[in-house]
Structures are given as C-alpha cells and as structure tokens.
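Written below as structure tokens is the structure these notes are about.
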Amino acid sequence: MSSEASIYNRPSVLDCFRSSGNSWFQKRNLKQMLESSKDSAKLDAMKRIVGMIAKGKNASELFPAVVKNVASKNIEIKKLVYVYLMRYAEEQQDLALLSISTFQRALKDPNQLIRASALRVLSSIRVPIIVPIMMLAIKEASSDLSPYVRKNAAHAIQKLYSLDPEQKEMLIEVIEKLLKDRSTLVAGSVVMAFEEVCPDRIDLIHKNYRKLCNLLVDVEEWGQVVIIHMLTRYARTQFVSPWKVSFENNFYESDEEQKEKDRKVKNIYTMDPDHRLLLRNTKPLLQSRNAAVVMAVAQLYWHLAPKSEASIVSKSLVRLLHSNREVQYIVLQNIATMSIQRKGMFEPYLKSFYVRSTDPTMIKTLKLEILTNLANEANISTLLREFQTYVKSQDKQFAAATIQAIGRCATNITEVTDTCLNGLVCLLSNRDEIVVAESVVVIKKLLQTQPAHHGEIIKHMAKLLDNITVPVARASILWLIGEYCERVPKIAPDVLRKTAKSFTTEDDLVKLQILNLGAKLYLTNSKQTKLLTQYVLNLGKYDQSYDIRDRTRFIRQLIVPNEKSGALSKYAKKIFLAQKPAPLLESPFKDRDHFQLGTLSHTLNSRATGYLELSNWPEVAPDPSVRNVDVAESVQQTWILKILIIESGSENEKEGKEESSSDESSGSSSSSEESSDSESDSKESTANKTSRAAAERWICTFMVTTQVSVPTETHELLHRMSGKGLAAHYHFSRQPGIFGDHMVSVQVTVTNTTDQKIENIHIKEKKLPPGMRVHEFNPIECLEPAESITVSMGIDFCDSTQMASFQLCTKDDHFNVNIQPPVGELLLPVTMSEKDFKKEQGMLTGMNETSATIAVAPQNSTRLVIIERVVKAANLGVVPSGQDNIHRFAAKTVHSGSLMLVTVELKESSTAQLVINTEKTVIGSVLLRELKPVLSQG
Amino acid sequence: MIHSLFLINASGDIFLEKHWKSVVSRSVCDYFFEAQERASEAENVPPVIPTPHHYLLSVYRHKIFFVAVIQSEVPPLFVIEFLHRVVDTFQDYFGVCSEVMIKDNVVVVYEVLEEMLDNGFPLATESNILKELIKPPTILRTVVNTITGSTNVGDQLPTGQLSVVPWRRTGVKYTNNEAYFDVIEEIDAIIDKSGSTITAEIQGVIDACVKLTGMPDLTLSFMNPRLLDDVSFHPCVRFKRWESERILSFIPPDGNFRLLSYHVSAQNLVAIPVYVKHNISFRDSSSLGRFEITVGPKQTMGKTVEGVMVTSQMPKGVLNMTLTPSQGTHIFDPVTKLLSWDVGKINPQKLPSLKGSMTLQAGTSKPDENPTINLQFKIQQLAISGLKVNRLDMYGEKYKPFKGIKYMTKAGKFQVRT
C-alpha cells in the first residue's frame, strides 16, 4: 500500500518543476481562500482542489478546511465539496463524520432531488462507523414516495454491501421490497443491486418476473442490459429446454421408432408462456441504439430461444459491425463463438466479414476466424479467392493468420485439400519469411493427415532449409524429414549433416528436432548416419539448455544399445516411428462456448471474478405458479402509487412552481398494461397521453389531473323488479371533462335479466331543475339476455345536490329514474403546493369557513389511511404537507370551479379539527357533514 | 461496475483520473502501457486487458485512451458503450474532445463524470439532462461568471430526470422554431481489381437538429419505408407505431441527436457511384514503377461527385513518387509511404487522373501486392439507397415550425483493390 501510495502521489516531472517549493504555500493559500467569507474565493479554491484531484495529486491535507463548506448555500461549492468528500472521506474518517449531520438533514428535505443527492453522497462516503446510519437511510429511502429517491436507494444498497458485507440479510430485505416496485426508474438499479448482493436468491424474482418483462421496454438502456442478463440466468433455471425437439436422428433406428420418438417429444414440449413472454418482450430491443442492449438480447436469444428463432439476432449483430473498433472487437468475438456451433446463422452475411486493408489487425484476425468457421463446400471457392488477396497483404502477421486459416479449411473440407496444398506450396517461394515459415508449419500439419504421396513436397521443403531462418519453420521441416525419412532416403542424411554443422547456433526448438532427426535416422539408416548422430548427441550433451541435455541423454539410452539400457531400446524404433495421429486444426474459439456470451469471461476466455454460471436447463420445469401474482397485492400497489403521484408534486421553492410528478404516467401506464394487455406498448400509451395533454402539462405548471381513487361503490338506478327485468346501476367514474367542462361523468351499467332481447334502450323526458343539463348516452340498440353493458353519461348538477330525474326507455316501456350525487362527486381534484394552499385559504375565511371537531378512530390516524379514506369519500386532490399532523386536500367544484379546501388537523387524544374553506358554503357544510363519519368510523 | 477512469494521451501521460468507488492506484495503468508497447499501433491495443486484480477496458478516440478499471464480471460492451457515450458528451459540451479542452475544463469534466455514474452504474447519460444539471461552458458564460460570480452548475434541478420523456428538457423556448433532418448514407464497399463489386453495403443515419418550443410531437413518414428493414432508434421513437404503420413518431430531444440509423446489407444491390481505373506496376528489373489512376462517375443519378480524396498506402519498397495530377493536389509522405490526392470535384467531361512514376529501393525485389486505394467522396442531395422522406408533421404545439430535409451520400470504407 505504501509503495502504491507513493507512486500515486508522485507528481509528474513537469508539475514538480512548476510547483516545487511553492506547493506548501499554495496549499496554505487555498486554506485561506476556503476560510474566506466570499463564495467566489471558496469556489475558486474548490475548483483548484478538484483540478488537483483530477491530476491525481494529493489534496488530503485540506480536508478540515474543505469539510466546513459542506453546508454551503452555493450549489456549485456544495457539489465540489461532495466530490472531494467522496474521494478522501475514507482516508480521514473522523473528520468526515463532521459532514454527516448535514446529509441527515437533507435526507428529510421536501424536495426529492435533494433527498436523493444527500443519500447518494452519504452512501458514497466509505466510513464504516456510519454503517447503521446508512442502513437506516436506505430503509427509509426505499419507501420514499419519489421513485427517483428509491432508485438512489437501490444504488446505495450496493455501496453499503461493499463497505460491510455483514449487512447482507437486511439489505436483501430492502432489495425484496424494491423489486416489487413498479417504477421503470427503479427496476434497472435494483436488479443491479440484486446481482451484486444476492444473485443466488432466484426466489425473489418469481413474483416480479412478469412485471420485469413488461417494464423492460421502458427501462433506461443501462438497466435493460442488467435486467436482460439476469433474466437469462433466471430462465435457464425455470424453464425446460426448447432445443430438445431437434434431437439427432439415430441412423440405426427404424422409421417406426423414429416417428414414435418424434411424437413423444412433440407431445412433451410446449413452451411455458412466461418463457415466450420474455422472448417476445426483448425482441424489440434489438432495435436499440445501444450496442450493449443489442448484444444482451442476442445472447438471450442464443441461450434461451428455440434454435430456429435464434437467427433473428444475426442481422442486428452484423449492423453493430459498423460501430467503433472496440464494439466491433467484442461483437466479432461473440459471432466467432456462435458461428462455430450454428454456421447457418451467419452464412447469409458472409460478405460482411470480408477484411479491409484499413481494419486494425485484431479485427482482421477475428473476421478471418469467422470466415473460416463459415466455410463450407458451397462457398469455399469464393473464400479461397478472397484469402488469396489476404495472403498478399502488407500486414504480414495477418498474412500468416490467413495461411493458417487456409490450412483449417483444407482439413475441414476434403474437396479442397489438394488445391489448398498446392497453393501453400506456391507460397513457399514467397519472398517474405514469415509467410514461408507459416506455410511450412501448415503444410507439415496437412501432410500429416495424408502423407502417402507427397515425397516431392518434402524434397522441396528440404531445399528451403538452407534459406529459412524462422525456428518454428526449420523445426517443422526437420520433423517432416525425420518422420518420413524413408520416403527421402537420399536427402535425409544430408540434411542431418548440414544441420549438425550449424547445431550450436540453432534455436532450442530446432536443436530438439535435430536430435529427433538424428535418432530416427539412426534407427532406419544407421550405416550412413551412425557417426553423425553420435556427433550430434555429443554436442547436445554439453548444451546450455537443460531440456536439450535431458533429451540427449534420453535418446542416447534409447537408441544406442549398451549393457545398462534395458528392454526398452528394443522398441526404440516403435517408439520413435510410431504412427502419429494428425493434429486437428481447430478454431481457438472452440472452447469458449461454456461461457455465457457477451460476458467479460467470454471475451477473456477465463473466469472473471464474479462471473455467474449459466445453469443447464432443468429436466423438469419447476412449478410455474410461483410467478403468479396476487391480484389484491398488485391493486394495492397501484393505489399507493397513485397517491404518490399527487404527493410527489413537491415544491421547488426557487421557482415557486410545481414539479412534474415523474412517475405519474409511467406508473399508471405500466399498471394498466399489467392488468389488461401485456402486448400493449406502454411507451406508446404514455406518449399519447403526453401529447394529448402536452399544452397544459408541459409548458405551464404541471397540473396533475390523474384520478386518485375511483370509488367502487355503485348505486342502484333501476331495480330489476320495477324495471321488468331491466336493471341499471351507476357509479361516478371521476373522469374529468369527457362531455364538457361542467359535467360530472356517470357510468351506467344496464343489465338484462329477462330471457328475451331488450331493444333500443335510451333516455327520454328529462325533468331537470333549471340550469341542469344531461349528456345522454348513445341508445343501446339491443341487449341480449343475461348480458350487461356499461355506458357513460355526463350530468351537469350545477353544484347542487338536487337530483336529476329522467326516463330510461326501452322499445316498449319507460321507467322513471333519478340520480342524486353525493357532494363529494361534485368536485374535481386540484393539485397545488402547500404555499398556494395557505394563500388561498387565507382568502376564504370568515363565513366561507366551516369547521368541526371530530373523534378519529385510532386506526385512522396514519397519513396513508387518512388520505385513502378522505379521497375515497370525496374527489379531492392531495396537497403535499410539511407537517405530519396536518393533511390538506384541494378541489374545485365541477360547475363553477370554485375552490374547495379541506384541512384535517390531528389533535391530541384522537380528535381532529376538520376545516373546509369555500365560497360555496352550502356544499361546504354538506361536505363537512359527509366527511365527519369517514374518519371517526373504524 | 466501473471502478475508475483514466485518461491517457498519446505520449502516455495520465492526465485525468476519476474514481467512483475506492481509489485504484494509477500504477494499474502500467499493464495498459505494456500492452500498448506490444501493440505498436494505437489501433491495435486490445480493448480488454486482464491484470491480476482488475480488468482494463479501453476505447481510443481523438488520440486519447479512455481506460476504465473494472473489478468483476460485467458485459464488456456495457463499459465500452458507456465510454463512447462519455466521449460523445465531452464533444457535445466542448465542441471538440481533446486533451487541451479537457484540461481547460477539468472542473466541468469532473462534474459531468460525477453525474454520469453513481457507484459505477450509469445515472444520467442523456445530454439534455446533463446540460440542465451542468451548463456547458461558453465564452459568454465564462465572462458573465467571472463578473457576477455565478456558476456553471444549474440552479434548477433537472426535472427531466424524473419525467416520462427523460431525453427532453422542460421549458424549451425558441423564437425561431425549426427542425432539420439530415439523411446521410455511407457506402462501404470493396471493389476488386477488375472493377467488379465484391461487397457493398449502405450504412445510413438520420441526424436531426430540432429547436422547437414546448413539447412537440413529431411524425416523419417515408415514401419507401420498405428499405428500412434493419434499423436502430433513438429511445424517443415509438416502436409500436413503427411496427404497425412504418411511421416514425416521437417527442424529440432538444438540439442535435441521431434519430435512427439503418443498414442496407450486402445482399441488396447497391449502386456504386464512382469507378477507379488504375494501372500500377512494378518491374522486377528496374527500380522504376508505373503509377496511373483515373477516377470517374458511374451511377450518380445526375448529381456531381465532390470532395473526392484518394489515399493509398504504398509498399515499403517505394522510395519516392513523381506524379502529375490533372487536377487537385497530391502529397506523398516518404516516411509513412502514404499517398494522398485531394481531387475535389469530378467533372465528367474531363476525368481527373494522376500519372507518374515511382522510385523503388534499389536491390529489393518488387512488392507482392499492389496497394489498395481508399476513396472518399460526397454527393449532395442524394441518398444512394433511394430513401425519401415523405412528410414531417408536428402535433401538440400551435406554432408553425420551419422544416428542412437534406440528403447526402458519402463514402464510408470504400476500397479498391489493385
């Protein structure tokens, strides 16, 4: 550590020259600036310090001076202090504690962004003492109403885990909670935390699997990558293999058996709908602009999709080849692995892998690798022509690789072996040594596969020995001559003579082969070569290399019979001149397929730390019902979210206007998607919503007009007995302004309980008090028996609770019915800040205010319950409140738009003060009366 | 995920470092320097380098290595794509991404990096959001800042990060509302000795510059959307709408962005707009070689080919070249052996040519291979694939924007083997 630190702190030569001697002064100067009262001086100092950190210079001495500024009002100073803290807090733990209280305070800030950034910095300070504080902060933030804060909580989980792994169990609880979150903002981060902290707790995913699949399109791109990788692993443990269908044909099996087996397999395999869901929902992401996302989907399809479907990813992968060099490199590596196993996937794109002279060498060799993998009888002639160009390339390393590739094609495709061999022999006369050497090595391997009639080539190569200096090539030639010395009986001893002369100057590799050649010749042609061999063995005996001395001793014992040598020497010839199996020319990517594609381990071809193994498909799928989600649970979740929508419109003091509630659309759309149709693109729906409301919502203040809760309570409009079998119910759907600004929308459900069709149901003879209007529903032409239909109508009640009477008519009958609105439905929620609320309230005092003291049932005294109950009883909007015991709600009347402000202030001994401020005093007092029992009842 | 980032310049100095978790000593870069030495050329430095305790993932752009330090398994493309995003952001902020620029704006760079990653995991990578958080430095702002003491850090909190359209700033206002789209196509091709096409593909992009007030909702439709069968979109594009109607519908980010990129693959027939006639020969006996190339238009749909530039890496044996161009200027660098000829416009009546002789090193034998010729060119007002925008509509806002669409065809990796 100390040595590292010293390297680390060592300033570069130039800096030394510039600042030697005065660095002490400089730091003192900085300290003074930090302590000055002017923000500009402080800022300047902080900027210089950050500059020092960036250059890797040590600025830790300034810690006390810097940390004082953590509570600065100036945002930029504050931010720079944060940067400094994160860098040095670990080294100065005691002093760092001074800053903690500032963050703790900020964690309670009404503004979600400040809360989030406080959590971010607090969790980035790696000081073990504050672990409990961090734990507490994370727990609190994980149930924060703002999804952005929750996202930061997910990030903090990983930080805390790396600081103190002991907290694992508690952190898993938080992860479990956050996994249930429906916000797209949180999903990516929490899955990241899951992968880091407890990747083996697959059971936490079950219930959230479908939700994650459905949210995936809307998650930000980095989160998508992490989620896709996690889901790949998950799917491999939960679903059965879709590949079994394509089992190998057993040649010896009779057709009958074959068919039998076919049927069996077909009967057994049907893809789990959840498996299909994952494949379907990831497919559009192949169109992502982010290469990492495309690659993630590609590997998912590779590891999970039926083989016939996996090929859809090839096009997208080939598209990535037009990206930067680094992206190309990784993608090509993965294609190389894929192309070994399933050639067909990339065959149509053969030409996309043609090499350009401007490609970097590593890209060239990878492309070559893929081309070789894709070679087959059909395309080999085109490929060989292409290879010929490469062999002539000025990049000799690449030319050498091409020669190896030709060798591989030659062994794999027997039709072209001879052509290739001839081509390679021609290359032996090439002027470039590396090319020749490589050709020799490849020819050697090729000859070994079919040595029968290649005496000529061996002779040719023996001649080359005079000129070639590359050790590998020389060694290869010597080995060839030794191995097939009986085919070239005249040349072989001569070669040994020549090499014996140069023995001492040869490379070790070549020396070993000279010894081998000598031994082999000694055994086959001892008359001519006995002396030569002994000379070589004597040279080897005194060689500098252990290896060569050992080998010499070993060979001497084997081939030269003497009293000490045992029975082995009898078999010397068999040992040396045994038939050797030909080497297999294989792709270097052959063994990479046991790593998950797209991972670092795959790129390096070795297990990276933290690599998570992809399990094999289970034989039998585990219980799929674990993924079923409780409906009640999800409904509740949605509900809370909706509350939050209103809540999160917290205040931005500087601007004095409201912030958008981020989660509104994404939250509600995803929940609707969940319930209705998994196919529906929620991006679409959010976007449509946005465009519809664009004008009001995005330019001016962000009015949140979402419904808080729709009461499920229905009222009877017409009983089936009095309606001769026609029954009707209505409820208030709380949708604003469908039929015009002043209308309350009412949903009427008409049911036919008779056993005959009821035709032409419509509204007639409205008897309305003055001013009241009704927007009728479109006549229902026909209602089948036992069927029911829901229609919407709008009624303008003129802000009164008078009933609207009209006739519900059928083809032959008419019934008098009426609708009386509860006062709570005559309102539309309004979002406003606490400040605005107080201002408006101040103007509506005196006779505009009605109030009452009520008893509150103890179970009703928490914030959530109060909000739930009040909002259910009346269509009110929640106003964020700074105090815990005061709850404010705001609405306007539907017809006249007068404000209706409701305040619930909890007092001691379970009482509460209920205050309503409004111009419409009549409605106000009615509302007061209706709200009273809501809170006092249990 | 990403532990630390080191920026290394061409001469091997680490000029910036940033850590998102515990500090990693900069000595870890020694492994990188080693690999760099082995690779000889910057382009050949492997993007992934394993060291005993860390993994170094790097990208090389603008003559700077961006080296990320990783400690455990992570999809390598994740890191690489992120590093490229960092470079793009710098370019967006400072106009150019160079060592000098980064050093001059080190504080902004640091602030931006701080926002882009949290604990090594990307947090805000959309340039619209970043610019709300940290304002890019402009000359005017620098002056104002020094006088008034105000800062680059946005005092408004970035609501965009929380919104449903995270890529768009809120409260955008322009006096002139305009939306420009550039359809740019690059032809990647390999042409063989005899002039026949070995492989040719088109890589197209639609770059947009949208300066519209408020929250506009745009739709862009094509005359022949069938051409686009292999596309990737900016996240703002509604994929479902494209799937069902082949219409691009989106709420655009503010400013410059890449709306989509597409790929017309080698399987389709691609028109090649230029041809090169060449006659390059070395003789075994003499130390002189002949060199002659002519460039001419082929399938240009009546448009002029401009900005033509010919480069060729000559074999090592070539000492010097004596050439005369019929137009434009040419340079031969005897050290790198790179010949470049800036041709300019092609006049179909009088085709540009470059003729002359090459001096070869005496005593060496003739090179095996003739040099490949790399070609660059531009054709304005033409998308070579035939792609045409049908119309652009705006919804959601009342004003009438000024709309413009430009087409251009360029050479990508266009090589002629000789």
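Each of B:278, B:301, B:326 was placed along the dipole of segment B:274-380 (beta-carbon charges, centred on the mean Cα), and the one lying farthest toward the positive end is B:301.
Kirkwood radius and radius of gyration were both taken over the C-alpha atoms of chain B, and their ratio Rg/Rh is 1.01.
Our summary of shape: the Cα atoms of the protein assembly as shown have principal axis extents of 129, 91, 84 Å, ordered from largest down, in whole angstrom.
Treating each Cα of segment A:265-409 as an identical point scatterer and summing with the Debye formula, the log10 of I(q)/I(0) at q = 0.21 Å⁻¹ comes to -1.26. Modelled this way, with points 7 Å down the Cα-to-C-beta line, the labels at residue B:43 and residue A:847 are 8.8 nm from one another. Between residue A:139 and residue A:911, the FRET efficiency estimated from the beta carbon spacing at R0 = 35 angstrom works out to 0.65.
In the structure shown, do any of A:392/A:511; A:445/A:590; A:351/B:355; B:350/B:410 have a Cα-Cα gap over 24 Å, and if so which? Those over the limit are A:392/A:511; A:351/B:355. Note on B:15, B:121: ascending count of other Cβ atoms within 10 Å places them as B:15, B:121, the fewest first.
The fraction of Cα-Cα pairs per 10 angstrom bin, counted from 0 for segment B:274-380, comes to 15, 47, 26, 11, 1 percent, rounded to whole percents.
Coupling constants for segment A:792-808 follow from the phi torsions by the Karplus curve (6.51 cos²θ - 1.76 cosθ + 1.60, θ = phi - 60°), and in residue order they are 10, 9, x, 10, 9, 8, 6, 6, 10, 9, 5, 8, 9, 10, 7, 9, 9 Hz; glycine and proline get x. Close amide-amide hydrogen proximity is noted between residue B:16 and B:7, each under 5 Å apart and 5 or more residues distant or on a separate chain (H modeled in the peptide plane; Pro and chain starts excluded).
Note on segment B:2-148: dipole from Cβ charges, positive end direction compared against B:120, B:106, B:65; the farthest Cα belongs to B:106.
Toward the positive end of the charge dipole of the protein assembly as shown, with +1 on the Cβ of Lys and Arg and -1 on the Cβ of Asp and Glu, the farthest Cα among B:288, A:66, A:33 is that of B:288. Taking a ≥ b ≥ c as the square roots of the eigenvalues of the alpha carbon gyration tensor, segment A:500-594 is prolate, as a/c is not under 1.5 and a/b beats b/c. With everything on Cα atoms, drop me the angle between helix B:106-116 and the longest principal axis of chain B, reported from 0 to 90° to the nearest 10. Value to nearest ten degrees: 70.
For residue A:283, the lysines whose Cα comes closer than 19 Å to its Cα, not counting residues fewer than 8 places off in the same chain, are A:211, A:307, A:315, A:683, B:240. Can you give the charge dipole size of segment B:274-380 about its Cα centre, rounded to the nearest 20 debye, using +1 on the beta carbon of Lys and Arg and -1 on the beta carbon of Asp and Glu? Once rounded to the nearest 20, the dipole reads 300 debye.
Here segment B:2-148 has an Rg and Dmax of 15.6, 52 Å, counting Cα atoms alone.
Note on A:78-85: average number of Cβ atoms from other chains within 10 Å of each residue's Cβ is 3. Working from label points 7 Å from Cα in the Cα-to-Cβ sense, the residue A:269 to residue A:385 distance is 3.9 nm. Placing +1 on the Cβ of every Lys and Arg and -1 on the Cβ of every Asp and Glu, with no other charges, gives the protein assembly as shown a dipole of roughly 4440 debye about its Cα centre. Compute the angle between helix B:139-148 and the longest alpha-carbon principal axis of chain B, please, reported from 0 to 90 degrees and rounded to the nearest 10. That helix lies at roughly 30 degrees to the long axis.
Each residue of segment A:284-295 was assigned a 3J(HN,Hα) from its phi angle through the Karplus curve 6.51 cos²θ - 1.76 cosθ + 1.60 (θ = phi - 60°); the sequence is x, 6, 4, 8, 5, 7, 8, 4, 5, 5, 4, 5 Hz, with glycine and proline shown as x.
No lab work stands behind these numbers, since they all come straight from the coordinates. From a predicted model like this one, the values you see are computed outputs, not experimental measurements. A quick note on method: Cβ atoms are made from the backbone with ideal geometry, for glycine too, and the neighbour counts reach across all protein chains shown.
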